[in-house]
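Engineer: I'd like to ask you about the structure that follows.
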Amino acid sequence: MRIDVISIFPEYLAPLHLSLVGKAVATGVLDLAVHDLRTWATDRHRTVDDTPFGGGAGMVMRPDVWGSALSDVLAPGATLVIPTPSGERFTQRTAESLAVSSQLVFACGRYEGIDSRVVEQHRRDGVDVREVSIGDYVLNGGEVAALVMIEAVARLVPGVIGNPQSLVEESHGAAGLLEYPVYTKPPTWDGLDVPDVLLSGHHAKIVRWRRDQSITRTLERRPDMIEALDPQSTDKADRAL
Ligand code: SAM
C-alpha cells in the first residue's frame, strides 16, 4: 500500500518512522511519503491560507494550493482522506475499508480547515473522498488524526503485524466484542493472582473463560455493542451471561 500525507508540518509525521509502521516502511511493506504543502504555494511567502469569505474568525486553506498538491500526489484509484471533525466517525470498520485501498492520501487541514471546493472538486471528478473524524472534539490540525488512522489501517495490511493471529480476537474485531483481560508473568504480583484457569493448561476451558470475560466486559462497558451483535454469532453459554 502507498500512503501519502500532505501537511504544513511534515515533522509532525515523524512517528511514522517508529515501531511496527516504521519497520513496515523500512522494509517496503508500506510505501510512505510525507509532503510539505508549502511546496505547492506560488508566492514569495509560500502562503497556503486566506481570510474566510463571509467574514468570521480564523483563516481558511486555499483551494488552489491544495488542488495543485493533490493533482500531483493522487494516483488513479486512490482514496483521498480528509480528517475533519465534521466527517464520518472513524471506527475499526472504517480502518478495514481503507486497508484495501492501493493508495491513501491524507490531506491535513489547519486553521479553520480546507476550502470546501477541494472536496467538491475531487468528488465531482470521481475520486473516492472520505471526510473522517477521529472523535467529537477539535484538534488544531489533521496530523494527529492522520497518525491515528494510519496506525489503525497499517496494522491490517498483510505483513505489518508479525503474527496476524493477534488481530483475530482483538476489541472491535469480527466477534463484535471487547477483548478479555490479559495477564503475563509473574503469576502473583503485589497480592494479585492470575486467574487459575489461565494456568490450568485446559485449552477449552481457557477459550470459554475468555469468551465469558469478553461478553461480561462488553456488557458492562459497551452495552451498545451487545445490542448490535448478530444473535446467530452467540451460543447458549453466551446468552446465559
Ligand atoms: N473549524 C473546524 C470545525 O469547526 O469543524 C475545525 C478546524 S480544526 C481547528 C483544524 C483541522 O484539524 C481540521 O481541518 C482537521 O484537519 C483537523 N481536525 C480537528 N479535529 C479533528 C477531528 N476530531 N478529527 C479529524 N480531524 C480533525
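Engineer: Is one or more of the residues making up segment 75-93 more than 9 Å from the ligand (Cβ to nearest atom), charged (D, E, K, R) and either modelled with pLDDT under 95 or surrounded by 19 or more Cβ atoms within 10 Å (Cβ to Cβ) (or both)?
Structural biologist: No, segment 75-93 has no match at all.
Rundown of residues vs (1) within 13 Å of the ligand (Cβ to nearest atom); (2) surrounded by 15 or more Cβ atoms within 10 Å (Cβ to Cβ), yes/no style:
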| residue | (1), (2) |
| --- | --- |
| Ala107 | yes, yes |
| Arg117 | no, no |
| Gln121 | no, yes |
| Ile134 | yes, yes |
| Val138 | yes, no |
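Engineer: If you check every pair at least six apart or on different chains, which have Cβ atoms under 6 Å apart with a residue in segment 144-172 that is closer than 21 Å to Arg211 by Cα first and a residue that is at pLDDT 95 or above second?
Structural biologist: Here the result reads Glu170/Glu179; Ser171/Leu178; Ser171/Glu179; His172/Gln92, each pair linking segment 144-172 to a residue that is at pLDDT 95 or above.
One line per residue, one yes/no per condition, for (1) among the charged types (D, E, K, R); (2) in contact (Cβ under 8 Å) with a residue 60 or more places away in the chain; (3) touching a helix residue (DSSP H, G or I) at 6+ places or on another chain (Cβ under 6 Å):
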{"site": "Arg46", "(1), (2), (3)": "yes, no, yes"}
{"site": "Gly54", "(1), (2), (3)": "no, no, no"}
{"site": "Met61", "(1), (2), (3)": "no, no, no"}
{"site": "Asp72", "(1), (2), (3)": "yes, no, no"}
{"site": "Pro83", "(1), (2), (3)": "no, yes, yes"}
{"site": "Arg89", "(1), (2), (3)": "yes, no, no"}
{"site": "Gln92", "(1), (2), (3)": "no, yes, no"}
{"site": "Val100", "(1), (2), (3)": "no, no, no"}
{"site": "Val105", "(1), (2), (3)": "no, yes, yes"}
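Engineer: Can you name every residue in segment 94-108 that is assigned to a loop (DSSP other than H, G, I, E, B) and either in contact with a Phe, Trp or Tyr (Cβ under 9 Å, 6 or more places away or on another chain) or of a type in the set (A, V, I, L, M) (or both)? Break it down stepwise before answering.
Structural biologist: Of segment 94-108, the ones assigned to a loop (DSSP other than H, G, I, E, B) are 99-102, 108.
Scanning segment 94-108 gives Ala99, Val100, Cys108.
Engineer: Still on this structure: Scan segment 223-241 and report the pairs whose first residue is in contact (Cβ under 8 Å) with a residue 24 or more places away in the chain and loosely packed, with under 15 Cβ neighbours inside 10 Å and whose second residue is assigned to a helix (DSSP H, G or I) and not aliphatic (A, V, I, L, M), with Cβ atoms within less than 7 Å and a gap of 6+ or a chain change.
Structural biologist: Ala237/Arg208; Leu241/Asp212; Leu241/Thr216
Engineer: Right, here's the next one. When you check Val207 against the structure, is it in contact with a Lys or Arg (Cβ under 6 Å, 6 or more places away or on another chain) and more than 16 Å from the ligand (Cβ to nearest atom), yes or no?
Structural biologist: No.
Engineer: Can you find, within segment 24-64, the residue that is nearest to the ligand (Cβ to nearest atom) among those that are outside any loop (DSSP other than H, G, I, E, B) and farther than 25 Å from Gln121 by Cβ?
Structural biologist: Among them, the one singled out is Leu32.
Engineer: While we're looking at this one, here's another question. Report yes if some residue within segment 202-217 is free of Cβ contacts under 8 Å to residues at least 12 places away in the same chain and not in a helix (DSSP H, G or I); otherwise report no. Give the derivation first.
Structural biologist: Here is the first cut: in segment 202-217, the residues free of Cβ contacts under 8 Å to residues at least 12 places away in the same chain are 202-207.
Adding the requirement that they be not in a helix (DSSP H, G or I) leaves 202.
Yes: segment 202-217 contains one or more residues that are free of Cβ contacts under 8 Å to residues at least 12 places away in the same chain and not in a helix (DSSP H, G or I).
The values are calculated or read from the model by the stated rules, or taken from the named source; none is laboratory data. Everything quoted here is computed from the prediction, not taken from an experiment. Note: ideal-geometry Cβ built from the backbone for every residue, glycine included; neighbour counts use all protein chains shown.
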